[in-house]
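Read through the structure below, which is laid out as structure tokens, and then see the notes.
What follows is calculated from the coordinates using simple rules that are stated; it is not laboratory data. This structure is a prediction, so every number in the text was calculated from the model and none was measured. A quick note on method: Cβ atoms are made from the backbone with ideal geometry, for glycine too, and the neighbour counts reach across all protein chains shown.
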Amino acid sequence: MRLSLEANLEALESGQAALASFLDEAGASEKTAYNASLAFEELVSNVMRHAYPSGHGPIDVSVELDGAEVILTVEDQGRPFNPLLAEEPAKPASVEEAQIGGWGISLVRMAATNIEYRRIDSRNRVRVRIRNS
């Protein structure tokens with residue numbers, strides 16, 4: 001499945017629906033579909049918020065399911081950002097001290113079996129592999 005999205009909330013929502021439909025038709029497990037949806041939302045929303053200062057720009061997404069794993073690739077033409085270098089947020093001592101936000105990349109790391117980043121021809125490419133279990 002390939003999607004070309006614009007960096008806006010409507011595109012995020014329609015992309016999530018297309019991903020869910022694709023994974024359901026391809027026979028992905030519920031756990032795999034959940035993890036892929038989580039990774040999709042976090043990666044695409046990060047591009048929307050951080051890659052394009054103007055709030056506009058293209059996001060290309062491809063999704064493959066080969067039986068053993070889902071391969072989710074997100075590409076953009078925004079500012080360089082390697083999520084592999086993002087620091088883990090500090091763990092709060094209590095619920096009261098917990099901050100909202102900043103956990104997206106950590107959630108993707110937990111959902112994925114592998115994450116790759118490359119900067120190719122002024123494009124960010126993040127490829128996430130999620131075991132189909």
Contour excess over end-to-end distance, with Cα ends at Ser4 and Ser133 and 0.36 nm allotted per residue: 43.7 nm
Calculated from backbone phi, Karplus (6.51, -1.76, 1.60) coupling profile of segment 104-113 in Hz, x at Gly/Pro: x, 5, 4, 5, 5, 4, 5, 7, 9, 8
Sites Glu116 and Gln77 - FRET efficiency at Förster radius 25 Å, r taken between beta-carbons, to 0.05: 0.85
Theoretical ellipticity at 222 nm over the chain - DSSP helices of four or more residues, -39500 (n - 2.57) apiece, nearest 500: -10500 deg cm²/dmol
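Once fully extended, how much extra length lies between Gln16 and Arg49, figured as 0.36 nm per residue of separation less the alpha-carbon to alpha-carbon distance?
Result: 10.2 nm gained on full extension.
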Under 5 Å, built H, 5+ apart or other chain: amide partners of Asn8: none
Debye log10 I(q)/I(0) at q = 0.10, 0.16, 0.18 Å⁻¹ for the chain, Cα point scatterers: -0.32, -0.80, -0.99
